[in-house]
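One structure below.
The values are calculated or read from the model by the stated rules, or taken from the named source; none is laboratory data. Bear in mind that the values here come from a model prediction, so they are computed numbers and not experimental data. Note: ideal-geometry Cβ built from the backbone for every residue, glycine included; neighbour counts use all protein chains shown.
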2 protein chains.
Amino acid sequence: MAYTVGQVARVAGVTVRTLHHYDEIGLLSPSGRTSAGYRRYDDADLQRLQLVLYYRELGFPLEEIAAIVADPAADPAAHLRRQHELLTVRIKRLQEMVTAIEFAMEASKLNIQLTPEERFEVFGDFTPEEHEAEAEQRWGDTDAYRESNRRASRYGKEDWLRIKAETEDWGRRIVAALASGAPADGPEAMDLAEEHRQSISRWFYECSYETHTGLADMYLADERFTAYYENLAPGLAAYLNEAIHANAISRA
Amino acid sequence: MAYTVGQVARVAGVTVRTLHHYDEIGLLSPSGRTSAGYRRYDDADLQRLQLVLYYRELGFPLEEIAAIVADPAADPAAHLRRQHELLTVRIKRLQEMVTAIEFAMEASKLNIQLTPEERFEVFGDFTPEEHEAEAEQRWGDTDAYRESNRRASRYGKEDWLRIKAETEDWGRRIVAALASGAPADGPEAMDLAEEHRQSISRWFYECSYETHTGLADMYLADERFTAYYENLAPGLAAYLNEAIHANAISRA
DNA sequence: GCTCCCGCCTGCCGCTACGTCAGGGTCAAG
DNA sequence: CTTGACCCTGACGTAGCGGCAGGCGGGAGC
């Protein structure tokens, strides 16, 4: 029912200093003190802290958070609704960044140049402005980061040449499939589509069937990718797109 | 081919001051200067800036970013791979937060109390540590925020009572359906499931079929939700779960 | 009752990543 | 040749804590 700063800090995943700071600026003052001057937080304080931390994670300055949580017109449910919406928006934004990365990856694989505008589309564009400093963070210590470092440094020039070679070899084979008249939704084309997907997963990033079809649509939507494939063989872009979709459906 | 600070700032969505700062600390110095001392950025500088901004958005401190982008062992593709992974991790985290919010919303709707640990699970838990300050941000100016504010303030005590009443009415009807022996995958139960979903969408947040089935599983996984429904009628928790799943499948 | 050690307290200084002037040159258009 | 938009270099200010110093409190064990 009543907690010390240390206990609150531990359960909430913040430092004691942070709680002191929130007390100093009046954002979250404990509901009471012991005779010795120790801060005592109760359950209501914890609820308020939870609110604060969510809004903080969403990038609001503390001053604004103070105003938000003090708003008498906002009951708990209203906060939850708002946070749900804000989170959804942020996720959408990050997914756009992921798409942009995948786009850039395909472009680099096929030696396609990007314009400056394209490079920064995801930054300049901001329907709602964002930059979301997303705080410093000990990313340097996370497993994902280390793993990513390890993987990255494992790929040398040699691997890169191999990727290019594989890509070209695969290109020749899908051109042959198209020329042979094999249907885009037949086993041959679908196997080539699957090989394409697995190649991405092996060398670049985990490419789900969903991601893969997204990529396939990009091949048709972006003229430079279309040009790349059409240059290999007329009709190849559409052929590959269809094969990827057929493959995704059949494996689902 | 060559750009001034202002041009770079505009296309990249940052301020001129930020570019000055990056120059000062040596994170991103323009490749040249004009005779008058104007900074001149070229395409390579833009590429580097793009890298920097992505890592910044991912929450790295600038000093660390300097080390990362200077790493000679990391080609462009390596950065893309790394950023893709980091983004994926972050999205996962935010989705956990969304789930936590949905959980809290259901709990508040049914008057279920949460323990402090549960409240902060998503914060304390950090498989990889995060807090991701996600930068201040002009959220206060975004449409989503205003919209969310508007919506929030529209819901008064009156609406809240109505939600409770609707929930109770719906509860009586699904209890009746269960009692009447109507199958969980029959039209009656499925319609009640659909009504449940639409009620959430109307009052709380956009609830997709996928989100809805997630919620349904939570009803079985968390004993307090199970208890709530079992209290209305024995077997109701499982019945509702099945109905929601059946409904989701049939509408897909 | 005494001692430890851990946890709490209040300053206070430091740091990052810029924002925000101030004071002054520059350049293309009219 | 002036005007306005854009550039420069300091320099100080701010937010959100981190971290340390110096000192009190409290309960577990002797």
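Here is a list of conditions, (1) in contact with a Pro (Cβ under 8 Å, 6 or more places away or on another chain); (2) of a type in the set (K, R); (3) within 8 Å of DNA strand D (Cβ to nearest atom), and A:R56 meets all of them except one; can you say which number that is?
Among (1) in contact with a Pro (Cβ under 8 Å, 6 or more places away or on another chain); (2) of a type in the set (K, R); (3) within 8 Å of DNA strand D (Cβ to nearest atom), the lone unmet condition for A:R56 is (1).
Using beta carbons and a limit of 6 Å, which pairs, at least six apart or on different chains, have the first residue in segment B:161-174 and within 16 Å of B:Y228 (Cβ to Cβ) and in contact (Cβ under 8 Å) with a residue 24 or more places away in the chain and the second one among the aromatic types (F, W, Y) and assigned to a helix (DSSP H, G or I)?
B:I163/B:W203
From the residues in segment A:152-192 that are surrounded by 14 or more Cβ atoms within 10 Å (Cβ to Cβ) and at pLDDT below 60, which one is nearest to the other protein chains (Cβ to nearest Cβ)?
The qualifying residue nearest to the other protein chains (Cβ to nearest Cβ) is A:A152.
How many residues does segment B:20-60 hold that are more than 26 Å from A:V98 (Cβ to Cβ) and surrounded by 19 or more Cβ atoms within 10 Å (Cβ to Cβ)?
So the count comes out to 3.
Restrict the check to segment B:37-44 and report whether at least one residue is more than 15 Å from DNA strand C (Cβ to nearest atom), closer than 28 Å to A:E206 by Cα, at the interface with chain A (Cβ under 9 Å from one of its Cβ atoms) and out of contact with any Phe, Trp or Tyr (no Cβ under 8 Å at 6 or more places or on another chain).
Within segment B:37-44, none of the residues are more than 15 Å from DNA strand C (Cβ to nearest atom), closer than 28 Å to A:E206 by Cα, at the interface with chain A (Cβ under 9 Å from one of its Cβ atoms) and out of contact with any Phe, Trp or Tyr (no Cβ under 8 Å at 6 or more places or on another chain).
Quick one: A:S31 ticks every box in (1) away from DNA strand D (no atom under 13 Å from the Cβ); (2) facing chain B (nearest Cβ under 8 Å) except a single one, so which number is it?
Unmet for A:S31, out of (1) away from DNA strand D (no atom under 13 Å from the Cβ); (2) facing chain B (nearest Cβ under 8 Å): (2).
Inspect segment B:93-103 for any residue being more than 9 Å from chain A (Cβ to nearest Cβ) and in contact with a Gly (Cβ under 8 Å, 6 or more places away or on another chain) and give the result as yes or no.
Yes, some residue in segment B:93-103 is more than 9 Å from chain A (Cβ to nearest Cβ) and in contact with a Gly (Cβ under 8 Å, 6 or more places away or on another chain).
Checking the conditions here, which among A:D23, A:D45 is within 14 Å of DNA strand D (Cβ to nearest atom) and in contact with a Ser or Thr (Cβ under 7 Å, 6 or more places away or on another chain)?
From the options A:D23, A:D45, the qualifying one is A:D23.
In this structure, does B:R48 turn out to be within 15 Å of DNA strand C (Cβ to nearest atom), in contact (Cβ under 8 Å) with a residue 12 or more places away in the chain and of a type in the set (D, E, K, R)?
yes
Can you tell me which residue is modelled with the highest pLDDT among those in segment A:193-216 that are in a loop (DSSP other than H, G, I, E, B) and surrounded by 18 or more Cβ atoms within 10 Å (Cβ to Cβ)?
Across segment A:193-216, the extreme among qualifying residues is A:C207.
Of all residues in segment A:5-19, count the ones that are buried (at least 16 other Cβ atoms within 10 Å of the Cβ) and within 11 Å of DNA strand D (Cβ to nearest atom).
Of the residues in that region, 5 qualify.
For segment A:14-64, enumerate the residues that are among the polar types (S, T, N, Q) and in contact with a strand residue (DSSP E or B) (Cβ under 7 Å, 6 or more places away or on another chain).
A:S31, A:T34 - these are the residues of segment A:14-64 that are among the polar types (S, T, N, Q) and in contact with a strand residue (DSSP E or B) (Cβ under 7 Å, 6 or more places away or on another chain).
Would you say A:A182 is of a type in the set (A, V, I, L, M, F, W, C), outside the structural domain of A:V98 (by TED's automatic domain parsing) and not in a helix (DSSP H, G or I)?
Yes; evaluated as a whole, the condition is true for this residue.
Could you figure out which of (1) more than 8 Å from chain A (Cβ to nearest Cβ); (2) more than 11 Å from DNA strand C (Cβ to nearest atom); (3) hydroxyl-bearing (S, T, Y) isn't true of B:T88?
Going through (1) more than 8 Å from chain A (Cβ to nearest Cβ); (2) more than 11 Å from DNA strand C (Cβ to nearest atom); (3) hydroxyl-bearing (S, T, Y) one by one, B:T88 breaks only (1).
Would you check if B:V16 is within 13 Å of DNA strand C (Cβ to nearest atom), within 17 Å of B:T4 (Cβ to Cβ), at pLDDT 95 or above and β-branched (V, I, T)?
yes
From the list A:A9, A:A74, pick out the single residue that is away from DNA strand C (no atom under 12 Å from the Cβ), within 13 Å of chain B (Cβ to nearest Cβ) and on the phi < 0 side of the Ramachandran plot.
Only one candidate passes the filter, namely A:A74.
Taking the condition under 19 Å from A:R93 (Cβ atoms) and modelled with pLDDT of 50 or more, does B:M97 pass?
yes
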